[in-house]
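Structure record follows, encoded as structure tokens.
The values are calculated or read from the model by the stated rules, or taken from the named source; none is laboratory data. Since the structure is predicted, the reported quantities are computational estimates derived from the model, not experimental observations. All Cβ positions, even for glycine, are placed from backbone atoms using ideal geometry, and neighbour counts span all protein chains on display. Note: areas computed on protein heavy atoms with side chains; ligands, DNA, RNA excluded. Shrake-Rupley method; radii C 1.70, N 1.55, O 1.52, S 1.80 Å.
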Amino acid sequence: MVWLKMPPRYTSSLRQTLPFLFLCFQILSLLIFMFLISSDYSYDQKYLQRYPEFQDINVMIILGFGFLFAFLKRFGFSAVGFSILLVAFGLQWAIILNAFLFGHKDGLRVISFTSLCTGLMSVLPALISFGAVLGKMNPVQLLMMTAFEMPVFTLNRYIMTKYLTIGDHISMMHAHIFGAYFGLSVSWLNSSPSQSTKANKEKENFETTSELFSMFGALFMWMFWPSYNSVLLQDLVQKSNAIYNTYFALAVSVVTVFSVSALVNQEGKLQMSHVRNGMLAGGVAVGYSAFMVQYPWITMTIGFLAGLTSSLSRTFFQRTLNKVSLVHDTCGVHYIFGLPGLLGGITYSLLIISADYNSIEILGYQAIVGIGCILLTLALSLVSGLITGFILKCKLFRPPSEHHFFQDQPFWEATLTRTPAATEATVFLFSPQSMHSEHLRPSKKPDILEENCG
Amino acid sequence: MVWLKMPPRYTSSLRQTLPFLFLCFQILSLLIFMFLISSDYSYDQKYLQRYPEFQDINVMIILGFGFLFAFLKRFGFSAVGFSILLVAFGLQWAIILNAFLFGHKDGLRVISFTSLCTGLMSVLPALISFGAVLGKMNPVQLLMMTAFEMPVFTLNRYIMTKYLTIGDHISMMHAHIFGAYFGLSVSWLNSSPSQSTKANKEKENFETTSELFSMFGALFMWMFWPSYNSVLLQDLVQKSNAIYNTYFALAVSVVTVFSVSALVNQEGKLQMSHVRNGMLAGGVAVGYSAFMVQYPWITMTIGFLAGLTSSLSRTFFQRTLNKVSLVHDTCGVHYIFGLPGLLGGITYSLLIISADYNSIEILGYQAIVGIGCILLTLALSLVSGLITGFILKCKLFRPPSEHHFFQDQPFWEATLTRTPAATEATVFLFSPQSMHSEHLRPSKKPDILEENCG
Amino acid sequence: MVWLKMPPRYTSSLRQTLPFLFLCFQILSLLIFMFLISSDYSYDQKYLQRYPEFQDINVMIILGFGFLFAFLKRFGFSAVGFSILLVAFGLQWAIILNAFLFGHKDGLRVISFTSLCTGLMSVLPALISFGAVLGKMNPVQLLMMTAFEMPVFTLNRYIMTKYLTIGDHISMMHAHIFGAYFGLSVSWLNSSPSQSTKANKEKENFETTSELFSMFGALFMWMFWPSYNSVLLQDLVQKSNAIYNTYFALAVSVVTVFSVSALVNQEGKLQMSHVRNGMLAGGVAVGYSAFMVQYPWITMTIGFLAGLTSSLSRTFFQRTLNKVSLVHDTCGVHYIFGLPGLLGGITYSLLIISADYNSIEILGYQAIVGIGCILLTLALSLVSGLITGFILKCKLFRPPSEHHFFQDQPFWEATLTRTPAATEATVFLFSPQSMHSEHLRPSKKPDILEENCG
């Protein structure tokens, strides 16, 4: 139980950086809102009608991601807590950035209800990147990562909408690719082969309760994905199509993932992590083209391919990658968001080429633009991710040492091991056997707690 | 711990059937959508307005049922995982069936956003039947059960709407009765008195965490039941009435169930399973008549009677049924959906007879039709359930043997017992006592794991 | 384990009171609805449009509060179960009271869809008060508390809207203050220094799973708070403002609470209970003024102050109060709802004074009325709380004795300690050591269970 002990220097250090950095960020954001941003409170019926969908996305991002990441048995508090922290900070930061780049109106930087919606959706890449480095960074590093990632992602969207003339919706769909590859680059620089100690591997093993919490987050994301793929669309026919098509793709990817999961296992058993991650792949892949497809079988095929890609790549890719230890991807965001996102982007371009130009008036030129957008996103995310990863290695942020990976203890007070009740019952159970069990209880147990809690 | 061991033949067998059957089903469904179904993507404002209610039903069916069934302490993965699987497959199958039977438009089989909503609601009987056989069937059997149940349920609805001229809404409300009695028939043929071994009974005992997950699913169903009882209604006055009345019935059934649960217990203690199941009975029973009742006290009375029926029948009926071992009903769907559904159907007919004909223009003849619908549903569900149950006994599907009942191990990889942390702590706690505890840990623990995971 | 034993007289007593009292209440409510209340089923488009927001509030109140209170590791069933019970009863009672005081129309007491929404929101103070006495009262006492609290709260709202001419929305926002101080008064009379035994303190310690369930409830409340702060507003511009401003305040209070939580801890560690409670403070405080503020930085400042108030007061206040043992506040409702509510009320008055009278036409006189409302609410809640607390001490209600505090066993059947699986595994693990462990299992374990379950 050596890995439970913490050098006192480490823990005291977060007290010196975390509160002040967070407060600075918060007050800075407040001041920017105070002096640099005007707000447009003129009423717009259209935006209020979007409110139920906004709430769906809210649930998806806050509850969905928070609990999806709660699958590490010793890292539940951090997964849920840091997710809401990143959303609360990232949202303000994204709204500011969007106001500066997109929100000009009569020479003023203006925000409105749409800014809230766009801001919330812009937090997505930060959360995806959090998934890749899950358990390997402290909250200060995570906040800095979000602070660096947001501007690049907003710039990416700005280039796409301004110079490549693609819509708000499609530009936002690149969040999946951006977040995944940014996170992988950061993770590449911040994890090393030496981290795969036996203790760390044990901490990455799953456990029933935490896996159910994670499934619960994944189900929320699954259910509300149609809202995510449709909320930014202005045209009501496109919106209705997007909802419809996304649901079909999601349903097909669930069935596909169950098949593949049983197929790749030697005993034909299913794996919860396959199912949980793979079932979201359909929604990611179909995001680009859901609004324009006219036949459900096309979206179903996309969902089928996404399910296959996600679960097969996870099975064969991750094992190889882990062996060569190039990149450690705790949550497997590469297989949930990265590859299905790429698949979706490519399918989008292919569909445009093969489209019936009478029904959808889009130029074949857009197919090339589609591929260009993917390449731009990949380039920007990888380069900025590497720079960010390099900065975050800095000792200033006091990154957690490897034996603190994947556990709540360095960041949260007194997280006892689950079920002290059970251990107590056990003591009681054995008390007739050992005569000195009564003084074992006060003398031994506190030691464990102390070690646990540093 | 004999029941944890599995013959290797068994586990390998699922690998031979599950993936291929699932993939076949999925590709078949894709081909049907490709060649036989046209889709109507013309925009309809009315359907998009229903989207928030559609999402409520989505949550109710996917999260609600999935977690409601997670009350078996060793069966959480299967409950949640197989629920989403059944929905994902059943939805496609139901949409196809609905398109063939109901969706004719200009000689084509047409689907639209309504098809998605109707399809999702048609999955309900399959999930209810899953509740009756919970823990006693493998995923291949469950998929086959859904495949057989859907056409009969759709046929049932077709006969009701076409020949008995009742509306979409009322015909859908028979899902509760259909699902419950279909499931009970299947369960009757697939469970035997010999399954009630001590080990199986232990596995059916509840545990705090799984019970809370289950309560959580039940609460989602409770909250969104008003949406379920109103979404298919076209008339906005009826819709508003249905929402209103359902909420009252649900509230009354909660209070009633708490009283009865304390009353029937010798020590006046409450039982979580009573509360969880009984509180839904009000929503089931009021589904038929919620849209037409004009006085809240009538719906409150229905909720009161439903609560009484559900909790009293569960207490006195189940004990007797278990003794005679006629039918084993794991989740008690008979008391949540079956009996309250019958109560609701009968009340509906009674209310029509006593209705004030000036305000609601319905003929007394409809009362007889109402009873006829119930009898038709009962007949179809029992007969088709028996046939399906007989087919599913077939060795081809490799049904799980009785000592594999109510546990995840045969289907999911390496579900460790909850809290390996606790056991570790215990080892540590006792280490001073036994000198050889250090080599106990590596030598003994893997054995357990091996046994657990087969 | 002496505190697990229960005198048989106690448990039998609930059987004599609980079922009959609950049934009486339910039948009484049914009779009132039958004879004294008319219902207005005339359709109103506006109310049906509110349905998605109504569902948000439904989720917030039922799931949110139920699981927020599930943080006590031995009190999960009661927290979730009694919450839904209080809502189901309180809702009917509140609708009746509202119909009698507010619902006159042509000489009749009329209810409609709005009554359902107002009724649901009126249950909030009862749930907040439940949080203050969490684990220290039996369900009969809780029901009586709700029965006494509702009329005073409705009277409070009646006086405010009728004589102080403030709107429905603002009058409802006083629910936070009312509920918190009512609950604290009741708790003051029903808890004593002697309750702080070692066993009770141990039961108040948290545990990972229950804390995650609690966080999950808190997140639902956080996400849907914008709906709560906007649903009663008629004007669509105000509604849209309220949604917008509430979200900003909530986001800022999250970041603030994280900073403060790390700052006040000696090792710079975060505390889950701080985060969980403090992040809601922003929503509470901004509720009063969200609809009228025109600049986001003002709401952000309110959120910032609310986060500071909540987490600092919790840290320094609660320690002192616990030492003097004046008031025991299990869930800390004083810091989630009480103080932030007061802050919000005062800010509201200050904002009115400093408002630009051209844009918002409100009189400076309203600022004084605002302060008057707070004082009225405080006075009514404290006085009625003290009277109710005094009545509830009565032996007739058989309050639980102090060694039954904070646990499910007196009220729920056979709640085993979490994870019997773990204890079993432990027995197995140690079996080679002790030769008689085989007969330990059948002989010793049932004893524990018996003790646990009384």
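Here's a check for you: in the stretch B:76-86, which residue that is of a type outside the set (Gly, Ala, Ser) and either farther than 25 Å from B:ASN205 by Cα or touching an Asp or Glu at 6+ places or on another chain (Cβ under 6 Å) (or both) is surrounded by the most Cβ atoms within 10 Å (Cβ to Cβ)?
In this case the residue turns out to be B:LEU86.
What single numbered condition from (1) at the interface with chain A (Cβ under 10 Å from one of its Cβ atoms); (2) crowded, with 22+ Cβ neighbours inside 10 Å fails to hold for C:VAL186?
In the conditions (1) at the interface with chain A (Cβ under 10 Å from one of its Cβ atoms); (2) crowded, with 22+ Cβ neighbours inside 10 Å, C:VAL186 misses (1) alone.
Among (1) of a type in the set (Ser, Thr, Tyr); (2) closer than 29 Å to C:GLY81 by Cβ; (3) open to solvent by less than 10 Å² (accessible area, probe 1.4 Å), which single condition is C:THR246 missing?
(2)
State the number of residues belonging to the stretch C:160-183 that are open to solvent by 20 Å² or more (accessible area, probe 1.4 Å) and closer than 18 Å to C:SER115 by Cα.
Going through the stretch C:160-183 one residue at a time, the tally reaches 4.
With the condition kept exactly as written, say whether any residue in the stretch A:93-104 is open to solvent by less than 10 Å² (accessible area, probe 1.4 Å) and under 30 Å from A:PHE405 (Cα atoms).
Yes, the conditions are met somewhere in the stretch A:93-104.
Looking at this structure, is C:PHE89 touching a helix residue (DSSP H, G or I) at 6+ places or on another chain (Cβ under 8 Å), within 20 Å of C:GLN26 (Cα to Cα) and open to solvent by 10 Å² or more (accessible area, probe 1.4 Å)?
yes
Look at A:GLN238 and say whether it is touching a residue at least 24 places away in the same chain (Cβ under 8 Å), more than 7 Å from chain B (Cβ to nearest Cβ) and either closer than 25 Å to A:ASP329 by Cα or open to solvent by 10 Å² or more (accessible area, probe 1.4 Å) (or both).
yes
State whether one or more residues within the stretch C:257-270 are in a helix (DSSP H, G or I) and touching a residue at least 60 places away in the same chain (Cβ under 8 Å).
No - not one qualifying residue is present in the stretch C:257-270.
How about the stretch C:321-433: which helices (runs of 4 or more DSSP H) wholly inside it have at least 3 residues that are modelled with pLDDT of 95 or more and either among the hydroxyl-bearing types (Ser, Thr, Tyr) or in the same structural domain as C:VAL284 (by TED's automatic domain parsing) (or both)?
Helices (runs of 4 or more DSSP H) meeting the threshold: C:339-354, C:365-392.
Consider C:ILE57 against the criteria (1) crowded, with 24+ Cβ neighbours inside 10 Å; (2) out of contact with any strand residue (DSSP E or B) (no Cβ under 8 Å at 6 or more places or on another chain); (3) within 25 Å of B:PHE213 (Cβ to Cβ): it satisfies all of them except one. Which criterion is unmet?
C:ILE57 satisfies every listed condition except (1).
Within the stretch C:255-297, which residues are closer than 23 Å to C:PHE71 by Cα, of a type in the set (A, V, I, L, M, F, W, C) and open to solvent by less than 10 Å² (accessible area, probe 1.4 Å)?
C:VAL255, C:VAL257, C:PHE258, C:VAL260, C:ALA262, C:LEU270, C:MET272, C:VAL275, C:MET279, C:LEU280, C:ALA281, C:VAL284
Which number in (1) facing chain B (nearest Cβ under 7 Å); (2) within 21 Å of A:GLU53 (Cβ to Cβ); (3) polar (S, T, N, Q); (4) surrounded by fewer than 23 Cβ atoms within 10 Å (Cβ to Cβ) marks the one condition that A:THR301 misses?
Looking at each condition in turn, A:THR301 falls short on (2).
When B:VAL231 is evaluated against the numbered criteria (1) in contact (Cβ under 8 Å) with a residue 24 or more places away in the chain; (2) among the β-branched types (Val, Ile, Thr); (3) part of a helix (DSSP H, G or I), which criterion, by number, is the only one it fails?
(3)
What are the pairs, 6+ residues apart or on separate chains, where a residue within the stretch B:196-219 that is under 22 Å from B:HIS328 (Cα atoms) has its Cβ under 6 Å from a residue that is open to solvent by 30 Å² or more (accessible area, probe 1.4 Å)?
Listed by first residue and then by second, the contacts come to B:ALA199/B:TRP3; B:LYS203/B:ARG74.
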